[in-house]
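Novice: One structure follows; several queries about it will come next.
The values are calculated or read from the model by the stated rules, or taken from the named source; none is laboratory data. Since we're looking at a predicted model, the values are computed, not measured. Note that each Cβ is placed from the backbone with ideal geometry, even for glycine, and that neighbours are counted across all protein chains shown. When the accessible area is computed, the model is the full protein with side chains, heavy atoms only, and any ligands, DNA or RNA have been set aside. Shrake-Rupley method; radii C 1.70, N 1.55, O 1.52, S 1.80 Å.
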Amino acid sequence: MRQLAICDRILSIAQSHQITCSYTKLKRAALLESTKNSQKQLQLSVTPRLPTDMSPINDDLQRLEMWRCLCALIGPDILRIVEFAKRIPDFTKVPQQEQIVLLKAHFFAVWLLRIACMIDPHALTFDSGYCITRAQLDLVYGANSVTKLIDFARQITALKLNDIEVGLIA
């Protein structure tokens with residue numbers, strides 16, 4: 001009886017992941033096929049700095065603009081991860097304030113696990129088809145952090161996890 005309950009919980013979590021993740025194997029294949037010849041590059045409203053313009057103000061403006069773009073791209077993923085959490089059996093029985101704390105504390109890890117398959121050494125591709133280059137990520141997070149992010153994504157991808165495993169780990 002206990003094993004049946006565990007299997008039911010696993011199935012429920014796996015279904016929740018399939019429904020709420022834009023980076024499952026089938027969705028990813030369709031996305032990669034549709035963007036194969038036409039990845040959308042972000043067009044920043046701030047002019048990239050010239051080598052002669054070492055102004056920290058220009059760097060800050062570029063960083064702020066990149067953060068704005070990144071937030072807009074990650075926003076739908078935030079909503080999907082919240083929906084995923086709500087679908088996990090008994091999550092909604094946890095007091096709402098604690099749900100918020102859990103989501104805030106673990107969003108990035110869950111998001112990174114889901115999107116790892118869309119990160120390569122040169123770029124990160126979102127489900128919208130938009131691509132953020134390594135240079136743009138370096139601007140926001142710093143080169144050292146981006147290197148660690150890419151290494152993590154490479155290690156996760158090397159595990160060849162299926163969608164059920166990703167959903168359970170998330």
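Novice: Can you pull out the residues in the stretch 131-150 that are among the charged types (D, E, K, R) and either open to solvent by 60 Å² or more (accessible area, probe 1.4 Å) or part of a strand (DSSP E or B) (or both)?
Specialist: If the condition is that a residue be among the charged types (D, E, K, R) and either open to solvent by 60 Å² or more (accessible area, probe 1.4 Å) or part of a strand (DSSP E or B) (or both), then Arg134, Lys148 are the ones that fit.
Novice: Assess whether Lys104 counts as being of a type outside the set (A, V, I, L, M, F, W, C), within 30 Å of Lys160 (Cα to Cα) and at pLDDT 95 or above.
Specialist: yes
Novice: Is it the case that the stretch 121-129 has a residue that's among the acidic types (Asp, Glu) and in contact with an Asp or Glu (Cβ under 9 Å, 6 or more places away or on another chain)?
Specialist: Yes: one or more hits.
Novice: Same structure again: On the basis of being open to solvent by less than 70 Å² (accessible area, probe 1.4 Å), over 24 Å from Glu33 (Cα atoms) and in contact with a Phe, Trp or Tyr (Cβ under 9 Å, 6 or more places away or on another chain), does Val110 make the cut?
Specialist: yes
Novice: Turning to a different aspect of this structure: Which residues, taken from the stretch 115-130, are outside any strand (DSSP E or B), of a type outside the set (A, V, I, L, M) and in contact (Cβ under 8 Å) with a residue 40 or more places away in the chain?
Specialist: Cys117, Phe126, Asp127, Ser128, Gly129
Novice: Also, I was wondering about something else. Could you grab the pairs with beta carbons closer than 8 Å, sequence gap of 6+ or different chains, first residue in the stretch 13-33 and under 16 Å from Gly129 (Cβ atoms), second one of a type in the set (Asp, Glu)?
Specialist: Once the first residue is under 16 Å from Gly129 (Cβ atoms) and sits in the stretch 13-33, its partners that are of a type in the set (Asp, Glu) give Ser22/Asp77; Ser22/Asp127; Tyr23/Asp127; Lys27/Asp127; Leu31/Asp127.
Novice: Still on this structure, I have one more. Which one of the conditions (1) modelled with pLDDT under 60; (2) within 14 Å of Cys131 (Cα to Cα) does Cys69 fail to meet, given that it meets all the rest?
Specialist: The one condition Cys69 does not meet is (1).
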